[in-house]
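Okay, so here's the structure we're looking at.
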Amino acid sequence: KEQLCFHMCELFDVKQINCGLMENYSVEYTAQKLRELCQRAGKYIIGVEPMPYSGIPDMKKGWAVVKAADCENAKLIMDTWHWVRANQPVDLSVIEDIPADKIVSIQINDVWERPYATTILRDESMHDRLAPGTGIGTTVPFVKMIKEKGIRPNAIGVEVISDANLEKGIEYAAKHTYENTKKVLEEAWPEVL
């Protein structure tokens, strides 16, 4: 699978591979495995995505792993949904020790006020996200925090996985997500538009 992924990157001129880890291992063991992956990946950036239901649940452990791996191509991804559901405040103090250039990309979306139960939190992530700016109001502060930190992401992705939006049709889902994303970026970081 890994070689196929590298081959696809070559075919489509992709420079970044997003990775998550469901199993919960020590920082040291995870960093060693990340280091090995980064060596095999060579020119490709490995973006580690903290997810609250995973073995790397938050930015604290994510940065500990990336820092310990000590590879130029090991970086972090920030996602609004994962950030909020990991109970991290939208505050620069959470990422103050992380160099801005170690954050490779961001994904924006929004969340309902009340999360799913911990045992099924991944279900919410995979089926019930909200368009940026349409939930509890953390998307604009999240984007402002990224801008203030001086992060220059290679990509700003919009990751709205929503069964409810898709039930209304792909055209609705695309338009709804686009319009709300534009509103958030116009308010929080108009220069990126």
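The values are calculated or read from the model by the stated rules, or taken from the named source; none is laboratory data. Fair warning: this is a prediction, and the values are worked out from it, not measured in the lab. Please note: Cβ atoms are built from the backbone with ideal geometry, for glycine as well, and neighbour counts cover all protein chains shown. Quick note on the areas: whole protein, heavy atoms, side chains included, nothing else; ligands and nucleic acids left out. Shrake-Rupley method; radii C 1.70, N 1.55, O 1.52, S 1.80 Å.
Some observations on this one:
- Verdict on Trp112 being closer than 17 Å to Met145 by Cβ, hydrophobic (A, V, I, L, M, F, W, C) and free of Cβ contacts under 8 Å to residues at least 40 places away in the same chain: no
- Checked against (1) open to solvent by less than 50 Å² (accessible area, probe 1.4 Å); (2) at pLDDT 95 or above; (3) not acidic (Asp, Glu), Tyr172 meets all criteria but (1).
- Scanning the range 180-190 for residues that are in contact (Cβ under 8 Å) with a residue 24 or more places away in the chain and open to solvent by 30 Å² or more (accessible area, probe 1.4 Å) yields Lys183, Glu187.
- Residue tally, condition open to solvent by 80 Å² or more (accessible area, probe 1.4 Å), of a type outside the set (D, E, K, R) and in contact (Cβ under 8 Å) with a residue 40 or more places away in the chain, over the range 142-169: 1
- Any hit, the range 51-68, residues being more than 26 Å from Asp91 (Cβ to Cβ), at pLDDT 95 or above, out of contact with any Ser or Thr (no Cβ under 7 Å at 6 or more places or on another chain) and among the basic types (Lys, Arg): no
- Among the residues listed as Val94, Val65, the single one being over 26 Å from His127 (Cα atoms) and open to solvent by 10 Å² or more (accessible area, probe 1.4 Å): Val94
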